[in-house]
Amino acid sequence: MKKIGILTSGGDCPGINATIRGVCKTAINHYGMEVTGIHSGFLGLLENDFEELTDASMSGLLNRGGTILGTSREKPFKKNASPEQQERRQLILDNIEKMQLDAIVCIGGNGTQKSAAKLAGIGIPVVSIPKTIDNDVWGTDLTFGFDTAVTIATDAIDRLHSTASSHKRVMVIEVMGHKAGWIALYSGMAGGGDVILLPEIPYNIQNIRDAIIERINKGRTYSIIVVAEGIPTDGVKRAGEYMAQMIEYETGIETRETVLGYIQRGGSPTPFDRNLATRMGGHATELIAQGNFNRMVAMKGNDIISVPLEEIAGRLKTVPADHDLVVQGRRMGICFG
Ligand code: F6P
């Protein structure tokens with residue numbers, strides 16, 4: 001009888017509970033395992049804070065946002081090997097022994113993958129599942145949470161067209177994505193953005209001004225500007241505010257900004273994310289049953305595979321400048337800065 005622990009770490013997103021459900025129901029019903037839910041990410045390992053999870057406790061999770069286990073950005077393994085660090089490592093090992101865990105499933109983004117690799121490094125069997133709205137985890141084509149964030153952002157962009165048109169304004173919307181531009185690219189193209197600014201593609205404010213003026217000269221009296229939060233600014237203002245002020249100054253056109261923020265991380269996951277989360281949860285449990293540890297579950301094309309954790313830790317997946325959506329967008333006259 002194997003007993004596995006699950007922890008959820010880093011920024012929350014829709015689909016985490018569907019993943020927990022996928023792991024639990026597969027482990028209990030197919031492999032006859034027991035499951036322990038560790039609270040607040042890696043903090044729960046340090047504080048021995050956990051609960052037993054059952055098939056019954058999975059009810060209602062598939063479409064529920066957030067994470068029933070709670071999360072934190074606790075990074076249990078700092079760089080230095082100070083005595084305090086050694087104590088923390090030993091505390092984690094002791095608590096895992098107390099919980100009688102045979103393996104741990106770590107659900108999280110880049111920071112979590114790094115911590116999971118370090119947990120493996122002190123001898124704990126680990127399988128990780130990539131989770132983030134940013135879609136910036138190396139080694140997987142997609143992370144669950146991304147499709148839901150793009151859906152939310154696209155709906156917001158759709159709504160900006162009518163108010164921009166009514167007021168003949170330029171509307172700037174800032175979307176999340178940390179240092180990557182995946183949400184901005186996918187929602188910008190799906191929402192009909194006229195200018196889409198990504199951290200990966202340098203921009204020149206004169207090019208943006210020219211693109212807006214050109215639209216006006218063609219009778220398009222409003223423009224929609226989609227900016228990723230990670231684009232370069234003056235280092236003081238948020239991307240959306242900075243870009244709106246720059247555009248109004250350069251063009252003389254009334255410009256307003258919307259920062260979409262945490263709405264992109266809230267509420268129920270899309271059906272796509274529910275099924276991706278379910279598949280990844282099931283495959284993570286299969287890896288544990290096979291004794292195939294220290295790997296991250298990943299999506300490649302339409303398949304779910306796994307990759308060695310050490311290949312992932314510390315890497316970031318950013319938007320390639322020749323991504324097909326960028327190439328097609330440029331050909332259609334969309335300005336990428
Ligand atoms: O990683 C997900 C994310 O929402 C990023 O897009 C964003 O920059 C960051 O988390 C915000 O972090 P926090 O939730 O700690 O404010």
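The values are calculated or read from the model by the stated rules, or taken from the named source; none is laboratory data. Computed from a predicted model, the values in this text were never measured in an experiment. Here Cβ is always computed from backbone atoms with ideal geometry, including for glycine, and neighbour counts include all displayed protein chains. Just so you know, the surface numbers come from the protein's heavy atoms only, side chains and all, with ligands and any DNA or RNA stripped out. Shrake-Rupley method; radii C 1.70, N 1.55, O 1.52, S 1.80 Å.
Quick check: the distance between the Cα centres of the stretch 1-15 and the stretch 211-240, to the nearest angstrom?
A separation of 38 Å, based on Cα centres.
From Cα pairs below 8 angstrom and at least 6 apart in sequence, can you work out the relative contact order of the stretch 198-336, rounded to a whole percent?
Result for the stretch 198-336 is 22 percent.
Nearest 5 is fine: what % of DSSP beta bridges in the chain come out antiparallel, could you say?
Details: 11 of 44 bridges.
Of the beta bridges lying entirely in the chain, close to 25 percent run antiparallel.
Within a Cβ distance under 14 Å of Lys118, other residues only, what is the Lys/Arg minus Asp/Glu net charge?
On the way: positive: Lys75, Lys78, Lys79, Arg88, Arg89, Lys114; negative: Glu74, Glu310.
Around Lys118, the charge tally is +4.
Determine ³J(HN,Hα), in whole Hz, for all residues of the stretch 156-170 in sequence, where each value follows from phi through the Karplus function 6.51 cos²θ - 1.76 cosθ + 1.60 and θ = phi - 60°; x replaces Gly and Pro.
Coupling constants for the stretch 156-170: 5, 5, 3, 6, 6, 4, 5, 6, 5, 5, 5, 9, 6, 10, 9 Hz.
Taking a probe of 1.4 Å, how large is the accessible area per residue of the stretch 203-337, in Å²? The partial results should precede the final answer.
Values: 6840 Å² over 135 residues.
Accessible area per residue, the stretch 203-337: 51 Å².
May I ask you to give the percent of accessible area on the stretch 155-201 that is carbon plus sulfur, with a probe radius of 1.4 Å? Please report the intermediate quantities before stating the final value.
Numbers: 760 of 1570 Å².
Answer for the stretch 155-201 is 48 percent, counting heavy atoms of protein chains only.
Hey, if we sort Thr143, Thr151 by accessible area with the 1.4 Å probe, largest down, what's the order?
On the way: Thr143 0, Thr151 70 Å².
Sorted descending by solvent-accessible area, the residues read Thr151, Thr143.
Tilt of helix 271-290 relative to the longest C-alpha principal axis of the chain, in degrees (0 to 90, nearest 10)?
On a 0 to 90 degree scale, this one is about 30.
Which of the lysines could be linked to Lys3 by a straight reach, that is with a Cα gap under 27 Å, when you skip same-chain ones fewer than 8 residues away?
Those lysines meeting the cut-off are Lys25, Lys75, Lys98, Lys114, Lys118, Lys131.
How much length, in nm to one decimal, is gained on full extension between Asp155 and Val327, taken as 0.36 nm per residue of separation minus their Cα-Cα distance?
Values: separation 172, 0.36 × 172 = 61.92 nm, distance 2.34 nm.
Full-extension gain reported as 59.6 nm.
Of the beta bridges DSSP finds with both residues in the stretch 194-337, what % are antiparallel, to the nearest 5? Mind showing how you got there, number by number?
Details: 6 of 10 bridges.
The answer is about 60 percent antiparallel.
Can you spot the lysines whose alpha carbon is less than 20 Å from Lys218's alpha carbon? Ignore those fewer than 8 places along the same chain.
Lys168
Tell me which residues come under 5 Å, amide H to amide H, from Thr258 once H is placed; ignore anything under 5 positions away on its chain.
Val172, Ile173, Glu174
Per-residue ellipticity at 222 nm for the chain, helices alone: DSSP H runs ≥ 4 residues times -39500 (n - 2.57), over residue total, nearest 500 deg cm²/dmol?
Values: 11 runs with 137 residues, N = 337.
My calculation for the chain gives -12500 deg cm²/dmol from helical runs alone.
What is the magnitude of the charge dipole of the stretch 1-149 about its Cα centre, with +1 placed on the Cβ of each Lys and Arg, -1 on the Cβ of each Asp and Glu, and no other charges, expressed in debye to the nearest 20?
Values: 15 positive and 17 negative charges, 54 e Å.
Computed charge dipole of the stretch 1-149: roughly 260 debye.
Given H placed on each backbone N at 1.01 Å, which residues far from Ile104 in sequence or on other chains put an amide H within less than 5 Å of it?
Close amide H contacts, sequence-distant or interchain: Gly5, Val126, Val127.
Express the carbon and sulfur contribution to the solvent-accessible surface of the stretch 258-316 as a percent, rounded to the nearest whole number, probe 1.4 angstrom. Spell out each step's value before the answer.
Details: 1380 of 2750 Å².
That share works out to 50 percent.
Of the beta bridges DSSP finds with both residues in the stretch 1-142, what % are antiparallel, to the nearest 5?
On the way: 4 of 19 bridges.
Beta bridges within the stretch 1-142, antiparallel portion: roughly 20 percent.
How many percent of the accessible area of the stretch 25-70 is carbon or sulfur, using a 1.4 Å probe?
Values: 960 of 2040 Å².
Heavy-atom surface of the stretch 25-70 belonging to carbon and sulfur, 1.4 Å probe: 47 percent.
For the pair His30 and Arg73, how long in nm is the line joining their label points, each one 7 Å along Cα→Cβ?
According to this spin-label approximation, the distance is 3.5 nm.
Could you state the number of Å between the C-alpha centres of the stretch 290-337 and the stretch 55-72?
Comparing the Cα centres of the stretch 55-72 and the stretch 290-337, I get a distance of 27 Å.
What net charge do the residues around Arg21 carry, taking every other residue with its C-beta under 13 Å from that of Arg21, with Lys and Arg at +1 and Asp and Glu at -1?
Values: positive: Lys25, Arg64, Arg274, Arg279; negative: Asp55, Asp273.
Net charge in that neighbourhood comes out at +2.
Quick check for you: with a 1.4 Å probe and neighbouring chains kept, what is the accessible area per residue of the stretch 23-140, in Å²? Don't jump to the answer; show the numbers that get you there.
Numbers: 4950 Å² over 118 residues.
That works out to 42 Å² per residue.
Solvent-accessible area of Glu248, probe 1.4 Å, all protein chains present, reported in Å² to the nearest ten, please.
80 Å²
Once amide H atoms are placed 1.01 Å from N in the peptide plane, what residues at a sequence separation of 5 or more from Ile305, or on another chain, have their amide H within under 5 Å of its amide H?
Ala298, Met299, Lys300
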